[in-house]
Amino acid sequence: MSNKTQLSSDERQRFQDQYAEIAVLAGGLAHEIKNPLSTIGLNVQLMAEDIQDDMPRAGRMRRRVDTIQRECQHLDDILNEFVQFARAGELELVESDLNALVQDFLEFFEAEAKDANIELSQHQDPNLPKVRVDHLLIRQVWMNLARNAIQAMPDGGVLEVLTRSEDENVLVDIIDNGRGMDERTRERMFQAFFSTKASGSGLGLPTVRKIIESHQGTITCESEVGRGTRFTISLPAVGVE
Ligand SMILES: Nc1ncnc2c1ncn2[C@@H]1O[C@H](COP(=O)(O)OP(=O)(O)OP(=O)(O)O)[C@@H](O)[C@H]1O
Ligand SMILES: [Mg+2]
């Protein structure tokens, strides 16, 4: 017997409605916070400009103002990611060639990778079936995974992207040879706000998973400390129910 809790379709619908309502409220709240935050940021900026070198304790004031500015920026980043997270369920599906989308992204990402001393490598299955995806959201998936990979390879490395098909699904592997994850991180990486980074919001992977699941797809991960990490995304091929 399965020990998973089985929800009736009524219960599932109610759960989804409640979730949608909370997501809208949370997105609205994030927006409400962004306005006063930008006023604070702007005024701190003006204060910074008013500090003169010959004022008593000018150095200390500058450091404090810097800290406030940095924290305002950090809060703003978190709110932006949160708004994206709350929106990740709304889809505009277009029948697409995933090879082309991956290729576009890698071209766009090339400069950032080069800057971080990362070599990009790709292998495409030329007979890949089409998928139905939201282009902006899928780009966000590549972006979040590629940024994580770069951050896991502070001394440079290789980021590999493979496309292939298996049964009735299109698969994309995103592989890095970075520092990998320990067991605790592997267990928690998809939890909202879980991060091992000093300034991480911990919304990158939850957003990725939410986007993939809203496309009826799945995401899995294999990772080993010191060896690297492989994320595998699977999306249903078009024409298959
Ligand atoms: N490719 C990877 N290699 C090693 N660890 C990873 C990798 N991808 C994710 N992680 C781990 O999973 C955690 C959660 O990732 P997630 O993208 O959700 O948040 P974050 O990167 O910490 O913050 P944010 O994406 O909001 O900047 C990371 O803090 C990191 O510990
Ligand atoms: Mg991240």
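The values are calculated or read from the model by the stated rules, or taken from the named source; none is laboratory data. Keep in mind that this is a model prediction, so the values were computed, not measured. Ideal geometry is used to build each Cβ from the backbone, glycine not excepted, and the neighbour counts take in all protein chains shown.
For T185, are the conditions met, namely being of a type in the set (S, T, N, Q), out of contact with any helix residue (DSSP H, G or I) (no Cβ under 6 Å at 6 or more places or on another chain) and more than 13 Å from ligand 1 (Cβ to nearest atom)?
For T185, the condition - of a type in the set (S, T, N, Q), out of contact with any helix residue (DSSP H, G or I) (no Cβ under 6 Å at 6 or more places or on another chain) and more than 13 Å from ligand 1 (Cβ to nearest atom) - is not met.
Considering only residues in the range 173-216 that are of a type in the set (G, A, S) and without any contact (Cβ under 8 Å) to a residue 24 or more places away in the chain, the one that is nearest to ligand 2 (Cβ to nearest atom) turns out to be G200. Among residues of the range 119-140 being among the aliphatic types (A, V, I, L, M) and touching a Phe, Trp or Tyr at 6+ places or on another chain (Cβ under 9 Å), the one that is nearest to N177 (Cα to Cα) is L120. Here R147 fulfils each of the conditions (1) among the charged types (D, E, K, R); (2) crowded, with 18+ Cβ neighbours inside 10 Å; (3) closer than 26 Å to A86 by Cα apart from (2).
Here D155 fulfils each of the conditions (1) surrounded by fewer than 16 Cβ atoms within 10 Å (Cβ to Cβ); (2) near ligand 1 (Cβ under 7 Å from one of its atoms) apart from (2). Against the numbered list (1) outside any loop (DSSP other than H, G, I, E, B); (2) on the phi > 0 side of the Ramachandran plot, E187 comes up short only at (2). For the range 158-172, which positions are exposed (fewer than 15 other Cβ atoms within 10 Å of the Cβ) and either in contact (Cβ under 8 Å) with a residue 12 or more places away in the chain or on the phi < 0 side of the Ramachandran plot (or both)? Passing the criteria: E166, E168. Checked against (1) at pLDDT below 95; (2) touching a Leu at 6+ places or on another chain (Cβ under 6 Å), I174 passes all but a single condition, namely (1). Within this structure, S223 fails the test of being of a type in the set (S, T, Y), over 28 Å from V131 (Cα atoms) and either assigned by TED's automatic domain parsing to the domain that holds M143 or away from ligand 1 (no atom under 13 Å from the Cβ) (or both). Considering A146, A86, the condition of being modelled with pLDDT of 95 or more, under 19 Å from the mean Cα position of the chain (by Cα) and not charged (D, E, K, R) is satisfied by A146 alone. Checked against (1) in contact with a strand residue (DSSP E or B) (Cβ under 6 Å, 6 or more places away or on another chain); (2) within 11 Å of ligand 1 (Cβ to nearest atom); (3) outside any strand (DSSP E or B), G202 meets all criteria but (1).
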